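Take a look at the structure below.
The values are calculated or read from the model by the stated rules, or taken from the named source; none is laboratory data. On a predicted model such as this, the values are computed, not experimentally measured, just so you know. No Cβ is skipped: glycine too gets one built from the backbone with ideal geometry, and neighbour counts run over all protein chains shown.
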Amino acid sequence: MVWIVWIISVLGLSVSARAQQQGADTPQAAEPEKKDTCVVCHSNLGGQLAVPTKPFPTDVHAEKGLTCASCHGGDPTSMDPKVAMSPAKGFRGRPTREQVPEFCGRCHSDTAYMHRYSPTVQTDQVRQYYTSRHGELLREGNRQVATCINCHSVHDIKLVSDPASPVYPTNIPETCGQCHSNEEYMAGYTDLPGLTQVADYKKSVHYQALTAQGNLSAPTCVTCHSSHGATPPGVRSVADVCGTCHAQNLQFFQKSPHAAAFSDMGVPGCVQCHGNHAILPGNEAMLAGPDSVCMTCHAEGDAGAQRAEEMAAQIRRLDAAIQQAQATLSDADQAGMDVSVATAELTMANSHLIMSRTTIHSLDASQVDAEINQGIPIAEKALQEGRDKLAEVQSRRKGVALFSLLVLAIVFTLYLYIRLEDKSKRQVR
């Protein structure tokens with residue numbers, strides 16, 4: 001009896017082990033893949049309802065792994081519209097224009113959440129936005145002002161560093177200009193000075209640096225007006241705004257007679273001479289001559305006009321000396337002479353030239369003279385170096401010419417000697 005029980009138990013264990021082995025060898029049914037029904041449904045609906053599904057796959061949010069439900073809520077796993085768009089599932093749908101800043105701010109104002117994607121991302125954009133004129137007007141019920149989606153797009157949002165982004169530096173003028181260059185759209189905003197800001201900016205030295213030179217750090221609209229806190233600078237702060245880049249110019253200007261004079265007249269300093277959007281290259285032509293801005297306020301021959309002419313003459317003297325030295329060194333370089341040391345030294349003269357144009361803002365001719373007097377000797381030394389190198393080239397050329405003539409004379413003499421020897425041998429025979 002005991003043997004029978006033992007045999008049955010062994011057989012039972014064997015069967016059980018085999019069953020377990022077979023179960024292990026059989027593939028388990030995979031969990032059904034969760035689909036984003038938002039994309040499926042909206043793609044099939046067509047028309048305007050399908051529009052968001054086309055660009056979203058390349059949107060920065062999609063690239064970070066976010067989905068439609070990340071912003072709009074709801075249940076993206078259900079094909080039942082009542083369930084997928086149920087408020088109980090957190091469905092928020094499409095925000096109204098007034099809700100857009102807070103809608104984006106749910107994530108972009110959450111420091112802990114945003115730092116999961118980038119530790120340097122700013123999370124105060126919504127707060128800044130409401131300090132701007134755009135944000136103020138939106139809170140007053142003006143639905144026409146710009147919100148996040150006007151500048152960044154909606155379902156096709158790119159990183160600022162992406163050249164395809166509307167807020168990439170080279171695209172910013174056109175992005176701002178969509179509203180600020182649109183006469184019909186901007187009608188009624190009487191506090192804005194015209195609609196030519198973008199057209200004027202494209203004439204400026206800043207725009208040339210941005211586009212022609214490829215300098216992405218060159219000023220754009222947001223550099224001066226800010227981006228999210230886009231409040232145009234007041235009269236008092238214009239110099240400070242310009243001074244964030246042109247710090248030395250600002251320091252000289254603040255100590256000059258112009259600072260007090262312009263303040264008393266209630267006019268902004270920098271833009272009085274340079275303009276605001278159509279900023280042209282600043283040089284001594286602004287002091288004296290047909291393009292002089294000094295003469296818009298000063299009468300010909302008065303103390304201010306005379307000082308401007310003196311400063312312009314000094315700067316032109318250094319500029320001419322540098323150009324002459326550069327041309328001479330260039331000729332020597334093309335002739336094969338090493339002028340690298342003199343060329344490097346000449347850059348110091350150019351630095352003094354730049355600084356002399358900066359010190360113009362002090363209206364102190366002695367400070368301009370100090371820069372000129374340091375630059376002139378450097379330019380003259382470089383000029384002399386270039387002349388010496390060219391003289392050396394000429395000397396070498398003369399030496400080569402004389403040596404060539406000597407060689408030719410020797411060859412010709414040998415030729416005559418051989419001829420005479422040959423003639424003499426023939427006569428002897």
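Checking the stated criteria, K89 turns out not to satisfy the condition of being of a type in the set (D, E, K, R), surrounded by fewer than 13 Cβ atoms within 10 Å (Cβ to Cβ) and out of contact with any Pro (no Cβ under 9 Å at 6 or more places or on another chain).
Residue-by-condition table, conditions (1) under 30 Å from L353 (Cβ atoms); (2) hydroxyl-bearing (S, T, Y); (3) free of Cβ contacts under 8 Å to residues at least 12 places away in the same chain:
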| residue | (1), (2), (3) |
| --- | --- |
| E371 | yes, no, no |
| Q374 | yes, no, no |
| L383 | yes, no, no |
| R387 | yes, no, no |
| A391 | yes, no, yes |
| R397 | no, no, yes |
| L406 | no, no, yes |
| V411 | no, no, yes |
| L416 | no, no, yes |
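Does the range 339-364 hold any residues that are assigned to a helix (DSSP H, G or I) and of a type in the set (A, V, I, L, M), and which are they? Listed by number, the residues that qualify are V341, A342, A344, L346, M348, A349, L353, I354, M355, I360. Taking the range 33-68 as the range and being farther than 20 Å from V160 by Cβ and of a type in the set (V, I, T) as the test, the residues that pass are T37, V39, V40, V51, T53, T67. Checked against (1) surrounded by fewer than 16 Cβ atoms within 10 Å (Cβ to Cβ); (2) at negative phi, H108 meets all criteria but (1).
In the set (1) assigned to a loop (DSSP other than H, G, I, E, B); (2) over 30 Å from A391 (Cα atoms); (3) touching a residue at least 24 places away in the same chain (Cβ under 8 Å), the condition left unmet by G336 is number (2).
Tell me, which residue of the range 222-248 that is of a type in the set (S, T, Y) and modelled with pLDDT of 80 or more is surrounded by the most Cβ atoms within 10 Å (Cβ to Cβ)? Among those that are of a type in the set (S, T, Y) and modelled with pLDDT of 80 or more, it is S227.
Residues that are farther than 30 Å from A164 by Cα, more than 41 Å from the chain's Cα centre (by Cα), of a type outside the set (D, E) and not in a loop (DSSP other than H, G, I, E, B): does the range 69-81 have at least one? Yes.
The residues of the range 147-189 that are among the hydrophobic types (A, V, I, L, M, F, W, C) and farther than 20 Å from R133 by Cβ, listed by number, are V154, I157, L159, V160, A164.
Filtered by the rule that a residue be within 19 Å of the chain's Cα centre (by Cα), surrounded by fewer than 17 Cβ atoms within 10 Å (Cβ to Cβ) and either of a type in the set (K, R) or over 16 Å from V271 (Cα atoms) (or both), the range 172-201 gives E174, A199.
Of the numbered criteria (1) under 25 Å from A164 (Cβ atoms); (2) part of a loop (DSSP other than H, G, I, E, B), the one H134 fails is (2). None of P119, P101 is under 21 Å from P52 (Cα atoms) and either assigned to a loop (DSSP other than H, G, I, E, B) or in contact (Cβ under 8 Å) with a residue 40 or more places away in the chain (or both) except P101.
If I ask for residues that are buried (at least 20 other Cβ atoms within 10 Å of the Cβ) and of a type in the set (V, I, T), which ones from the range 129-154 would you list? Passing the criteria: only T147.
Residues are listed down the side, and each one gets a yes or a no for (1) crowded, with 21+ Cβ neighbours inside 10 Å; (2) among the polar types (S, T, N, Q); (3) over 22 Å from C242 (Cβ atoms):
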site: G282; (1), (2), (3): no, no, no
site: L287; (1), (2), (3): yes, no, no
site: A303; (1), (2), (3): no, no, yes
site: A325; (1), (2), (3): yes, no, yes
site: L329; (1), (2), (3): yes, no, yes
site: I360; (1), (2), (3): yes, no, no
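Residue by residue, here is whether (1) closer than 30 Å to S118 by Cβ; (2) at pLDDT 95 or above; (3) in a helix (DSSP H, G or I); (4) touching a Ser or Thr at 6+ places or on another chain (Cβ under 7 Å) holds:
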{"site": "P163", "(1), (2), (3), (4)": "yes, yes, no, no"}
{"site": "V167", "(1), (2), (3), (4)": "yes, yes, no, yes"}
{"site": "I172", "(1), (2), (3), (4)": "yes, yes, yes, yes"}
{"site": "C179", "(1), (2), (3), (4)": "yes, no, yes, no"}
{"site": "Y189", "(1), (2), (3), (4)": "no, no, no, no"}
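Kindly evaluate A349 against the criterion of being within 30 Å of H258 (Cβ to Cβ) and touching a Lys or Arg at 6+ places or on another chain (Cβ under 6 Å). Answer is no for this residue. A search for C-beta distances below 9 Å between a residue of the range 252-270 that is closer than 14 Å to V241 by Cα and assigned by TED's automatic domain parsing to the domain that holds I360 and any residue that is part of a helix (DSSP H, G or I) and modelled with pLDDT of 85 or more, counting only pairs 6+ apart in sequence or on different chains, returns nothing.
Looking at E392, E371, E380, E421, just one residue is in a helix (DSSP H, G or I), at pLDDT below 95 and surrounded by 13 or more Cβ atoms within 10 Å (Cβ to Cβ), and that residue is E392.
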